[in-house]
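The values are calculated or read from the model by the stated rules, or taken from the named source; none is laboratory data. Computed from a prediction, not measured in an experiment: that's the story for all the values here. As a convention, Cβ positions derive from the backbone with ideal geometry for all residues, glycine included, and neighbour counts pool all protein chains shown.
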Amino acid sequence: MNHQLISNSLEWWEKKRIWFNLTVLIFGIWQIFNENPDVLRFNDVICIIIYGIIANVFYSIGILIELLDNYYLNNFLKLVKFRWFFLIFGTIFSITYTFFSIKVYYNGPMFLW
């Protein structure tokens, strides 16, 4: 197990967490006002906070996958090379999921049909 690689992985991902959070937050708030421009209700704020916590749990999967590769597979998969892919793909997925979650929240699931 390479402790330096683990430390580098944690540092790399944690520095990008702020960018991820701001990107998803800005897009989410924009989408909320796009769907419901009248007022931001208390329930909306609570949902944003809960959603942010859940998004960060899923964000941590990138760190976890990389650490598992290092610890259990002795860096066999060399996932360090795919950090940017995981970050960009995960952020795009989170933005897309945010868009659809807000649509369902304000319009109900019927908008999908």
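You will find that of W12, W19, the residue that is at pLDDT 90 or above, out of contact with any strand residue (DSSP E or B) (no Cβ under 9 Å at 6 or more places or on another chain), farther than 15 Å from I95 by Cα and assigned to a helix (DSSP H, G or I) is W12 and no other. Kindly evaluate Y51 against the criterion of being surrounded by 13 or more Cβ atoms within 10 Å (Cβ to Cβ), within 30 Å of I6 (Cβ to Cβ), touching a residue at least 40 places away in the same chain (Cβ under 8 Å) and aromatic (F, W, Y). Here the answer is yes, as Y51 does meet what is asked.
Evaluation of L25 against the conditions (1) in a helix (DSSP H, G or I); (2) loosely packed, with under 14 Cβ neighbours inside 10 Å shows that the sole unmet condition is (2). Would a scan of the range 89-112 turn up a residue that is closer than 19 Å to I6 by Cα, of a type in the set (A, V, I, L, M, F, W, C) and either at pLDDT 85 or above or touching a Phe, Trp or Tyr at 6+ places or on another chain (Cβ under 9 Å) (or both)? Within the range 89-112, none of the residues are closer than 19 Å to I6 by Cα, of a type in the set (A, V, I, L, M, F, W, C) and either at pLDDT 85 or above or touching a Phe, Trp or Tyr at 6+ places or on another chain (Cβ under 9 Å) (or both).
Checking each residue in the range 61-113 for being free of Cβ contacts under 8 Å to residues at least 12 places away in the same chain, part of a helix (DSSP H, G or I) and among the small types (G, A, S) picks out no residue at all. Filtered by the rule that a residue be crowded, with 16+ Cβ neighbours inside 10 Å and of a type outside the set (A, V, I, L, M), the range 87-96 gives G90, T91, S94.
Against the numbered list (1) closer than 12 Å to W13 by Cα; (2) surrounded by 12 or more Cβ atoms within 10 Å (Cβ to Cβ), W84 comes up short only at (2).
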